[in-house]
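The values are calculated or read from the model by the stated rules, or taken from the named source; none is laboratory data. Since the model is a prediction, treat every value here as computed from it, not as a measurement. Note that each Cβ is placed from the backbone with ideal geometry, even for glycine, and that neighbours are counted across all protein chains shown. Surface areas here come from the heavy atoms of the whole protein model, side chains and all, with no ligands, DNA or RNA. Shrake-Rupley method; radii C 1.70, N 1.55, O 1.52, S 1.80 Å.
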Amino acid sequence: MERRNRSLKALNELKFITYLEDDEKAQRLVLWANEYLEEGDIQDFDLELKDLEFLSELIYSNLEFLNIKKDQTKDEIDQSKKLKKFMLNS
C-alpha cells in the first residue's frame, strides 16, 4: 500500500508541475525526477494501467519541454557571453 500511495503522490505532483510557469516547471521537474526516478524507474510505480500510461505521457511531454528549455537557456547564455565580450572590447 505504501508503494501505491507513493506512486499516486508522484503522479499527482507531476500533473501539478505540468501547469507551472516555465522556469519553475523546469526546476520542479528536476526535483521530481531526483525524488522519484533517481533510485528506480517507471516500472517501480504501482499504478493501474491507465494511470501508468498517463504518467508515461506526462514524463515524455515534460522531457520534450526540458530539451526545449535547455536549448533556450543555452541560447541565452551564448547571447550573454557575446554581450559581455562586446562590452569588454568597447
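Annotations
- Sparse-neighbour loop sites [chymotrypsin sites (Phe, Trp or Tyr not before Pro); region 6-41; at most 10 other C-beta within 10 Å; DSSP]: 19
- Here's the list of aspartates and glutamates a cross-link from residue 70 could span, going by alpha-carbon distance under 17 Å and ignoring same-chain residues fewer than 8 apart: 21, 22, 23, 24, 78.
- Measuring against 26 Å, Cα to Cα, the residue pairs 25/82; 25/50; 15/69 contain 25/82 as the ones spanning a longer distance.
- Residue-wise HN-Hα couplings along region 70-79, as the Karplus relation 6.51 cos²θ - 1.76 cosθ + 1.60 with θ = phi - 60° gives them from phi, are 4, 5, 4, 5, 4, 4, 5, 5, 4, 5 Hz; Gly and Pro carry x.
- Normalised by residue number, the volume inside the convex hull of the Cα atoms of the chain is 94 Å³ per residue.
- Looking at the chain, the accessible area is 79 square angstrom per residue; that uses a 1.4 Å probe and ignores ligands, DNA and RNA.
- HN-Hα J in Hz across region 37-49 - Karplus 6.51, -1.76, 1.60, θ = phi - 60°, x for Gly and Pro: 10, 5, 9, x, 9, 4, 5, 7, 6, 9, 10, 5, 4
- When the GluC sites (Glu not before Pro) in region 44-90 are filtered for DSSP coil states and for at most 14 other beta-carbon atoms within 10 Å of their beta-carbon, the remaining sites are 48.
- Degrees between helix 22-36 axis and first principal axis of the chain (Cα, 0 to 90, nearest 10): 40
- Sparsely packed GluC sites (Glu not before Pro) within region 1-31, loop by DSSP, other Cβ within 10 Å at most 10: 21
- Approximate spin-label separation residue 20-residue 82, in nm, with each point projected 7 Å along Cα-to-Cβ: 3.1
- Angle of helix 2-18 to the longest C-alpha principal axis of the chain, folded into 0 to 90 degrees and rounded to 10: 40°.
- D (Stokes-Einstein, µm²/s), Kirkwood Cα radius, region 18-59, 1.002 mPa s at 20 °C: 190
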